[in-house]
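Each reported figure results from applying straightforward, stated rules to the coordinates on display, with no laboratory input. Treat the numbers as computed from the prediction; the structure is a model and nothing was measured. No Cβ is skipped: glycine too gets one built from the backbone with ideal geometry, and neighbour counts run over all protein chains shown.
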Amino acid sequence: MTALAAGIAMLAGLGVGIGIGIATAKAAESVGRQPEAYGRILPLFFIGAALAEAVAIYSFVIAILLVLKV
Amino acid sequence: MTALAAGIAMLAGLGVGIGIGIATAKAAESVGRQPEAYGRILPLFFIGAALAEAVAIYSFVIAILLVLKV
Amino acid sequence: MTALAAGIAMLAGLGVGIGIGIATAKAAESVGRQPEAYGRILPLFFIGAALAEAVAIYSFVIAILLVLKV
Amino acid sequence: MTALAAGIAMLAGLGVGIGIGIATAKAAESVGRQPEAYGRILPLFFIGAALAEAVAIYSFVIAILLVLKV
Amino acid sequence: MTALAAGIAMLAGLGVGIGIGIATAKAAESVGRQPEAYGRILPLFFIGAALAEAVAIYSFVIAILLVLKV
């Protein structure tokens, strides 16, 4: 049951993958349109992508903890 | 059963990942269009991303509490 | 069973995460288009984000209460 | 049960696949419109795609750990 | 159960298929509009498609490992 829980926890990555993709897509589009805004879009994109990635890492930590107990 | 609960709790991260991605996408797009509005968009984006991230942390806390009891 | 209930309760965060993301996205977009409307968009965004966040906190409180009884 | 868990963990790749696809699509479109912005779009796209790919690798690691215990 | 798990793991390919499709579609569209940008769009598209394809291969590896144990 703990194994199943680890698998389910990783499903959060489904949303994180889509989210980072959307963020990257729009950031790339914006840099393409306004290359001079690159210095401002990049840190904003970094913060957003890092916060989303953190969510996947939370799930990874929980899954690792559960797997080590299987 | 507590393990399974921890896994299910992390699923909230699925929505948080998508949400932060959408927020980052539009914030980056807006900064690209109106670079002079950067000083106003950034704090707004920070508040939104932090509130969404908090939701993932709530799930993480519940999952940790459950895992420690497995 | 109470543990499972706590996990399921946190699933509300899935919708809250998406919701806050959409709200932040459109608020950032609107400030970018009409920077002079910032003073009116910010409180509106605050109220919306706070109300959505409250939903996640309700789930968190219920989950904590359930976990302490496991 | 550990086998089933490994299978479910890989489902995170569903979102990662869509996310990388969206990011690639918009990056390609932007390069097509503003070829001179290529030097700025490429690193941004790399960071986003790498962060999304990392999410799939987290799931892969969990699945491998679970499979080795089947 | 391991057989079922192998089947579920391959579902990640559902998202990868959609993602590569979106990437290919936009890349093709962009080359059609700006044929001179072909040399820059092609490597970008290759990287994105390869990263998405890798996600499907992760699932394939897990499924193979599970099938060999059935």
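Observations, loosely collected:
- Residues of the stretch E:28-57 that turn out to be assigned to a helix (DSSP H, G or I) and more than 15 Å from the chain's Cα centre (by Cα), as a count: 15
- Qualifying residue in the stretch C:6-19 (condition: under 21 Å from B:I62 (Cβ atoms), in contact (Cβ under 8 Å) with a residue 60 or more places away in the chain, of a type in the set (A, V, I, L, M) and in a helix (DSSP H, G or I)): yes
- Scope the stretch A:58-69; condition outside any helix (DSSP H, G or I) and either buried (at least 20 other Cβ atoms within 10 Å of the Cβ) or hydrophobic (A, V, I, L, M, F, W, C) (or both); matching residues: A:L68
- If the condition is being more than 21 Å from A:G19 (Cα to Cα) and facing chain D (nearest Cβ under 7 Å), then the stretch E:37-56 contributes E:A37, E:R40, E:I41.
- Positions within the stretch A:15-27 being over 15 Å from C:G32 (Cβ atoms) and either of a type outside the set (A, V, I, L, M, F, W, C) or more than 7 Å from every other protein chain (Cβ to nearest Cβ) (or both), in sequence order: A:G15, A:G17, A:G19, A:G21, A:T24
- Residue that is more than 7 Å from chain D (Cβ to nearest Cβ), without any contact (Cβ under 8 Å) to a residue 12 or more places away in the chain and among the hydroxyl-bearing types (S, T, Y), where the choices are A:S59, A:S30: A:S30
- The one condition in (1) within 30 Å of C:A37 (Cβ to Cβ); (2) within 8 Å of chain C (Cβ to nearest Cβ) that B:A12 fails to fulfil: (1)
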